[in-house]
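Contents: one structure, followed by commentary.
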Amino acid sequence: MRARVVVDPDFCVGEIDRRLYGSFVEHMGRCVYGGVFEPDHPLADESGLRRDVIELTRELGVSVVRYPGGNFVSGYRWEDGVGPVAGRPTRLDLAWKSVETNAFGLHEFVDWTRRAQVEPMLAVNLGTRGVQEAADLVEYANHPSGTELSERRRRNGSPDPFGVKLWCLGNEMDGPWQVGQKSAEEYGALAAEAGKAMKLVDPTIQLVACGSSGRGMSTFGAWERTVLSRAYDVVDYISLHAYYEPHAGDLASFLASPADMDAFIGDVVATCDHVKAVRRSDKPMMLSFDEWNVWHQTDYHDQPERDWEHAPRLIEDTYSVADAVVVGGFLIALLSHADRVTVACQAQLVNIIAPIRTEPGGPAWRQTIFHPFALASRYGTGRSLHLSVDAPLLDTDRYGRVPALQAAAAFDDGQLSLFLVNRSIDEPIDLSVALRGMGEDISIAEHRFIADADVHAGNSADHPDRVVPRRGTARLDGNTLQATVPPVSFSVIVLTTRGGHH
Ligand code: AHR
């Protein structure tokens, strides 16, 4: 197959917000306990944080981390997780039928974010709790001093405010699985009032309202319209969540699933803009895609119900080469919408459907999906560019007809990074990229790709580097880039230029 791409740094989608490379730490399974926090581990620091996980988080290039849930937050009392650890209550976590010891809470999380050099993003409980508790948490976290809550934070070891800027107003509040599920009218009214109180405490914060918990929900679209009609003026973002998985014998559809993510984003942008128009508002609503990933959900359908364990092994997916390619496709979809999607969080960071896996007392390693994320966060900076892509079309059962080549580009201070996915199961693509407006002095700085003769290959504790990015052989012919892109692959090609007018 052949494909042709035209790139010109003048054609800009928007600035890429670093928050596009976010992740998510939930009190679920072994994400917190045994993931980021394991006091008995030989590599734990004096606070019980695993140093190996901190190092991998930095290497991954994560920008912002959402916490403490997820479904967990809808029954969470944030006060349980602050103050002397010995006095913290052990509680039932109804979301995951687990026991929560509260040994890890807000201070420990903020401490971890500082060490991991990421920005904290907090969610308030709008399932079982309401306006007062949400405002209290903002006051506890962000008010400097002189009030009961801010002085409590100071007594608990943090004299300086945490300065948390990004806040989620609950989680997936339309879901029947959510403790405290609400109708769109109920949730929209609550989000507006909780958000108002939170911004009265700290006007510098930014708020994310819950969108539908998925594009497949029967209320999708109407939910966003109703919630935003109530809360438009107070919130800054609406959330999107999406998980995809391979279905037996249908790799072609799985590889096309980023096209569904792309369409999902388009639908939510349209809905936001409809509400904006009705309200004659000047304010564009931004999108926070704060849960996305591959999740092999059908693997768990026959599992017995868990019964009140502490930190059980839940949804610890082992990822394959094909999964990594699809994750690369999701990153391309997010980059292509960088003008409206300015926060995104891969769910989750450690052990739970995660790029990083750990064993208790043992190693931490990079799953296959670690690699496309690390490459995108490293090279996907600056401005996202519009591309002209001319590629053959492939038919898929689930997502219809999609281009065989998925592509995005980032341009940053003379550096052009191309991100490419070949969705074909068996055919390479001979790619030629016309480089316009980049001057004469162009060179290839990097070409890495993820592909393997075995698309099911993955990494494990014993073989942590079975799948790693390989070096490619892209070449330049004047102002044309030539590369062969293998089937089922994710590639990054980085070009630098000293010429041109950019
Ligand atoms: O990430 C796992 C779970 O998926 C989250 O807790 C929830 O928000 C979503 O349904």
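Computed values, structure above
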quantity	calculated
Unique residue being within 16 Å of the ligand (Cβ to nearest atom) and either without any contact (Cβ under 8 Å) to a residue 40 or more places away in the chain or on the phi > 0 side of the Ramachandran plot (or both) when the list is Y237, Y300	Y300
Unique residue being surrounded by fewer than 18 Cβ atoms within 10 Å (Cβ to Cβ) and of a type outside the set (S, T, N, Q) when the list is G188, G216, G195, G211	G216
Some residue of segment 457-474 being closer than 22 Å to T381 by Cα, hydrophobic (A, V, I, L, M, F, W, C), modelled with pLDDT of 95 or more and in a strand (DSSP E or B)	no
Every residue from segment 126-161 that is touching a Pro at 6+ places or on another chain (Cβ under 9 Å), closer than 15 Å to E79 by Cβ and either β-branched (V, I, T) or part of a loop (DSSP other than H, G, I, E, B) (or both)	N156
Of all residues in segment 66-83 being surrounded by fewer than 24 Cβ atoms within 10 Å (Cβ to Cβ) and within 16 Å of the ligand (Cβ to nearest atom), the one that is nearest to the chain's Cα centre (by Cα)	N71
Scan of segment 24-44 for residues that are within 16 Å of the ligand (Cβ to nearest atom), out of contact with any Cys (no Cβ under 8 Å at 6 or more places or on another chain) and not aromatic (F, W, Y), ordered by number	E26, H27, M28, G29, R30, C31, V32, G35, V36
Residue that is more than 15 Å from the ligand (Cβ to nearest atom) and surrounded by 21 or more Cβ atoms within 10 Å (Cβ to Cβ), where the choices are A86, A123, A141	A141
Segment 255-271, subset surrounded by 23 or more Cβ atoms within 10 Å (Cβ to Cβ) and more than 16 Å from the ligand (Cβ to nearest atom), residue nearest to the chain's Cα centre (by Cα)	P258
Failed item, numbered, when V179 is tested on (1) over 23 Å from T113 (Cα atoms); (2) touching a residue at least 40 places away in the same chain (Cβ under 8 Å); (3) in contact with a strand residue (DSSP E or B) (Cβ under 9 Å, 6 or more places away or on another chain)	(3)
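The values are calculated or read from the model by the stated rules, or taken from the named source; none is laboratory data. Small disclaimer: the values here were computed from a predicted structure and weren't measured. Positions of Cβ are backbone-derived with ideal geometry, glycine not excepted, and every protein chain shown enters the neighbour counts.
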